[in-house]
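Shown next, in structure tokens, is the structure this report addresses.
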């Protein structure tokens with residue numbers, strides 16, 4: 001059973017619908033105590049960094065998530081803002097992140113871009129896999145996912161880099177550290193590519 005965390009800032013129903021489509025059992029939970037028996041967790045998110053962290057703090061999620069992810073080492077997948085909340089901090093706000101990943105979150109910088117870009121980065125884009133793992137096993141040379149974001153990860157430790165995407169310049173669009181996975185794109189909006197990723201996530205032991 002996959003627990004989808006509903007802390008008030010996530011695209012909950014679309015993720016659950018995608019999991020149902022691939023035959024994976026899932027439950028949406030808005031009560032931290034309900035994840036005590038969870039074996040896998042999805043941390044979704046849309047909106048601003050400080051709003052997301054405030055909701056996690058105010059609703060008692062931080063301690064419960066730390067217990068499951070850092071101590072019990074269950075598998076967790078962060079999606080979009082959910083990925084960013086796993087980091088230390090963000091230029092988008094002043095609150096500290098969960099700190100599961102040694103990385104920062106920064107705004108897209110048009111001055112660094114080798115071509116003109118619009119912010120937010122919105123629409124389909126390719127990803128390059130920098131390291132392989134059991135969550136993404138496709139042999140296809142090009143992978144395309146749907147993005148909607150104005151901020152991205154920076155200062156990511158080399159061993160945690162999973163996906164890279166080009167939008168004006170290269171940025172890290174996916175991370176993996178032990179039991180912690182995170183993607184900047186939206187698998188639930190990415191058709192067969194997203195279906196494969198969620199199918200592999202559901203199959204992880």
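The values are calculated or read from the model by the stated rules, or taken from the named source; none is laboratory data. Here the structure is a predicted model, which means the values were calculated and not measured. Cβ atoms come from the backbone with ideal geometry, glycine included; neighbour counts cover every protein chain shown.
Condition check: touching a residue at least 60 places away in the same chain (Cβ under 8 Å) and in contact with a strand residue (DSSP E or B) (Cβ under 6 Å, 6 or more places away or on another chain). Does residue 199 satisfy that?
For residue 199, the condition - touching a residue at least 60 places away in the same chain (Cβ under 8 Å) and in contact with a strand residue (DSSP E or B) (Cβ under 6 Å, 6 or more places away or on another chain) - is not met.
For region 46-61, give me each residue that is surrounded by 16 or more Cβ atoms within 10 Å (Cβ to Cβ) and more than 25 Å from residue 190 (Cα to Cα).
Within region 46-61, 51, 53, 54, 55, 56, 59, 61 qualify.
Listed residues 133, 160, 179; which is modelled with pLDDT under 95 and within 27 Å of residue 3 (Cβ to Cβ)? Working first, answer last.
Details: 160 fails: modelled with pLDDT under 95; 179 fails: modelled with pLDDT under 95.
Selected residue: 133, the only one of 133, 160, 179 that is modelled with pLDDT under 95 and within 27 Å of residue 3 (Cβ to Cβ).
Please go through region 62-90 and pick out each residue that is within 30 Å of residue 123 (Cα to Cα) and surrounded by fewer than 16 Cβ atoms within 10 Å (Cβ to Cβ). It would help to see each step written out before you state the result.
First, the residues of region 62-90 that are within 30 Å of residue 123 (Cα to Cα): 75-90.
Selection gives 88 alone.
Can you tell me which residues in region 161-184 are in a loop (DSSP other than H, G, I, E, B) and either more than 15 Å from residue 197 (Cβ to Cβ) or more than 13 Å from the chain's Cα centre (by Cα) (or both)?
Residues satisfying the conditions are 168, 178, 179.
Taking the condition under 26 Å from residue 5 (Cα atoms), in a strand (DSSP E or B), in contact (Cβ under 8 Å) with a residue 60 or more places away in the chain and touching a helix residue (DSSP H, G or I) at 6+ places or on another chain (Cβ under 6 Å), does residue 153 pass?
Working: under 26 Å from residue 5 (Cα atoms): yes; in a strand (DSSP E or B): yes; in contact (Cβ under 8 Å) with a residue 60 or more places away in the chain: yes; touching a helix residue (DSSP H, G or I) at 6+ places or on another chain (Cβ under 6 Å): no.
So residue 153 fails the test.
Could you give every pair whose Cβ atoms fall below 7 Å, whose first residue belongs to region 115-133 and is loosely packed, with under 12 Cβ neighbours inside 10 Å, and whose second residue is assigned to a loop (DSSP other than H, G, I, E, B) and at pLDDT 95 or above, counting only separations of at least 6 or pairs across chains?
What qualifies is 115/168.
Test residue 188 against the criterion of being crowded, with 19+ Cβ neighbours inside 10 Å and closer than 29 Å to residue 72 by Cβ, and give yes or no.
yes
Can you name the residue in region 91-108 that is touching a helix residue (DSSP H, G or I) at 6+ places or on another chain (Cβ under 8 Å) and within 17 Å of residue 147 (Cβ to Cβ) and, of all such residues, is surrounded by the fewest Cβ atoms within 10 Å (Cβ to Cβ)?
92
Among the numbered criteria (1) in contact with a helix residue (DSSP H, G or I) (Cβ under 8 Å, 6 or more places away or on another chain); (2) part of a helix (DSSP H, G or I), which one does residue 24 miss?
All conditions pass for residue 24, except number (2).
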